[in-house]
Each structure stands twice: as structure tokens, then as C-alpha cells.
Amino acid sequence: MAMSMADPSLAAQPLIQQQQQQRKPKDFSRALSHAKDELHSFRSCLRWLCIDYRSNPYHIDHWTTFRSWFVFIFLSVIVPAFSHFFLSCSGCDPRHRQPYDAVVQLSLSSVAALSFLHLSRLVKDPGLRATLLFDQLIHESEAVRVNYTEQLDKSLHICAVFVLPCFVADSAYKIWWYSSGSSQIPFLGNVIVSDAVACMLELLSWFYRTTLFFLVCVLFRLNCHLQILRLHDFAKVFKLKARKWPKDPSLVLSGHGRIRRQLRTISHRFRVFILWSLMLITTSQFASLLMTTKSHADVNIFKAGELALCSMTLMAGLTIILRSATKITHKAQAVTNLAAAWHACITIELFGSDAETPAYQNGSSVLLELVNDELDTEGPGDEEDMADDKGIYADSPILVQKREALVNYLENNKAGITVYGFALDRTWLQLIFGIEMSLVLWLLGKTVGI
């Protein structure tokens, strides 16, 4: 963990400077992490999960690496395998049999393996700070920094909101299963101690695997939320008074280019996780559907309760990923509409048929309304300020051509989250929904005869 030892007083300062001059050497030196900065909660979570987190990529701690892999293999492979092959209780009464345990264990373990490998790679290269894009915040406005740190504080709470209810529900099921069928379930030595240890290990395994998955989902959501904050800050240029509108398109192009580069970086880091999560969860859901819709399937809360809980857990994580990706993609692509409206409002004639009413006044109101609609921003309107500006433009053909080129560039280079070149927008979601609905109907036709 990188500690800033040059100045002891820096330990009491926040990780993100709130001063205006961020490029001074003394301010930039504070970009280094310390033990009690805003990333403290994430580091604590990684330590509790025994993730091999190293602040110095050139220092290899073999003991930490061994512990990380041992905990993962024990809780994600050994405990589920022991539970399925030794504690499945095929000879128990009908309420205590677990015909769907194989699907549950394989689904959770496969997603946990994907999350563990991806999270281990992220915290090593590029590192936790770079993954959370803290190294880019020194160039952002104070509003973006403050809102991002607030979302950072809420991220682990969001993870707990999804993990804890599922863990409580599974705990209630496991406690009932072991307490009511203790004499039937295979045990070693004392039946009470054996069942208690097996129950705690199963619950710990469930908690470990679901937390790994949701933690990566929350990290991806946090990355996307930062870009939404940047887009809102970037769109403020279109909400300024008409006198302050940027007539030089290069200012808009540079700001859009920075957002586009960061979205491309996020896409590159998370594309493998998004693609494999979609495939693994889809396979899991189809396997569950196939087993529960067979003609001889016996489905009730005692046998299929854990399968339903597993499905809800995986679908909740997938929803976080897809919603975050489509939301930022939609807002990033909405910038094209804003640029087109901005170009139209500037290049129209200064005065319409009525000499007393400037034509750009109505255009300014339309543009302000479009900004609020496209990016869902809130705040007082600036129509009166815009109406006070008169005769401010003496536009040149060169600037008109520059703005046309900018609009054409934005239309043909839309930003957003992509997976190997495919944009994760609403059209993509509709395509996935159509394909999976077709597969579901085909599967139901083979099982229940729809």
C-alpha cells in the first residue's frame, strides 16, 4: 500500500484535493494513497476476501498469493464439491432431497471463479486506484470529485444491500435443512457439531462467492457513474448563456475526446467479465429452466428454494452490469443530439421576421430543454439570461464548417461501453432479449409442449 511519507500532515487530508490548482507539485504528491484515505473501505473488503492486493506490482508476496488462492479454492471448489457429493442426502425424506444442488453449486462457483480472476487482475494491473479512475480526478471539476467520492462511499452499501438479504435467506434455509434433518444427513462423529460445522462452511462459501460477484459489479457501476458525472459536467457548456456558448468546436471536441478515451479504457478492462457473465448466467438460467420444467420434476419451496435464490442473485448482478452499461452509453450518445442542436442554434439568423425578437432566443430555450431531457439534469432554467443577450455573434463560414465537421464526427464516432466493438446500448439489449426469449420458448416447447 503506497504511503505518502514525505509529509506526515498529508495523512489527514482527503485523497482528492479540493483546491483549484491541482497541477502544483505539492498537490500532485497528495495523489498517493495512505492507509485512511477514501479507498480504505475497498482495501478492507479485499483483505477480508483474501484477495491478493499489492500496491507495489514489483513486490511479490508469495504468502499472500498462496492464501488468496487457497481461500478461493477451498470456499469455491472444495466446500461446494463436498456439500454436493457427501451431503446431498439422496436417501433423505422428500423434503430434504436436493435434486437441483448441482446447478446451484456450478452456477455460483463458475461466476465466483470469473469474478476472482478478474478482480485479482484489476487490483494488480492497473491497480485499485487506477481501476477506480482516481488518477484522472485531478483534472475534473470540484462538483465531479465531490459527487464521485459520495458514490464511492455508497458503493459498498449497495453491495451489502444485494448480498445480505440473499445471505439471510440462504441462512434460514440451511439452518432449517440441517436442524430438521440432522439424523438423516451424513455426519462425522457428533451429529450436532458435524452439522454445525458443515452449515457454517456452506454459508461462508455462499457469502464468499456472491460477494466476489457483486463487488466486481459494483466496481463497474462506479466506473460508469463517474462518466455520467463527467457527461453532466460536460453538458453544462450547452446550458450557459448564449453569450458564453463556445463558438470554437475544438473546445467541445477535446472534452468529448477525454470522455471517449476513458469509456474505451473501461470497456477494455471489463469486456471479458461482461461477456462471460452474460454467457455463464444465461447457461445457468436455461439449465434451471430445463430441470424445473421436466414432466417428472418435483418443484416446491423445499427442493427448489435455493435454486430460485441463486437465480435471483445472479440476475441481480447481471442487471447492475447491463443497466450501468446501457445508461452511460445512452447518455454518451445523447451528446450528438446536443451538438447538433448547439450548431443549429448558433448558425441560424440572428433575427427572424420580427425585428424585435432575436431568433436565437427561441433556439436557446429549445437547446436548454433538450439538455435537460437528454441527460436528465435538473436545475433552474436560464431562459431569461439567454433572452438578455442580443447581437453577440458575427459567425464566419470557417466556424460553421468546423461545427458541421464536429457534428459529423460525433455522429460517426459515438462513445459508450463496448464489448469487442459492439456497443451496449438499448438496441443491443433488445436484441439479447429477443434471442433469449426465442430460446426460452423453444426450450418450453420441448419440455411442456408450448
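The values are calculated or read from the model by the stated rules, or taken from the named source; none is laboratory data. None of the values given here were measured: they were computed from a predicted structure. Quick reminder, even Gly has a Cβ in these numbers, built from the backbone with ideal geometry, and neighbours come from all protein chains shown. Surface areas here come from the heavy atoms of the whole protein model, side chains and all, with no ligands, DNA or RNA. Shrake-Rupley method; radii C 1.70, N 1.55, O 1.52, S 1.80 Å.
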Spin-label point model (7 Å from Cα, Cβ direction): what's the Phe286 to Leu253 distance in nm? 4.6 nm
Of Lys154, Lys303, ordered by accessible area with the largest first and a 1.4 Å probe, the sequence is Lys154, Lys303
Would you be so kind as to identify which of Tyr148, Ala102, Cys92 lies farthest towards the positive end of the dipole of segment 76-190, taking Lys and Arg as +1 and Asp and Glu as -1 on Cβ and the Cα centre as origin? Cys92
Give, as ranges by residue number, the residues of segment 256-289 whose backbone N falls under 18 Å from the point 7 Å along Cα→Cβ of Ile435. 271-287
Once you place label points 7 Å from the Cα toward the Cβ at Lys414 and Val299, how far apart are they in nm? 3.7 nm
Just subtract the alpha-carbon distance of Ile192 and Ala405 from 0.36 nm times their residue separation and send over the number in nm, one decimal. 69.2 nm
Extension gain Ser41-Ala308, at 0.36 nm per residue separation less the Cα-Cα distance, in nm? 93.0 nm
Kindly report, to the nearest 10 Å², the accessible surface of Trp69 as traced by a 1.4 Å probe over protein heavy atoms only. 110 Å²
Pairs to check: Lys154/Lys414; Lys236/Lys327; Lys174/Lys446. Give those whose C-alpha atoms are more than 25 Å from each other in this structure. Lys154/Lys414; Lys174/Lys446
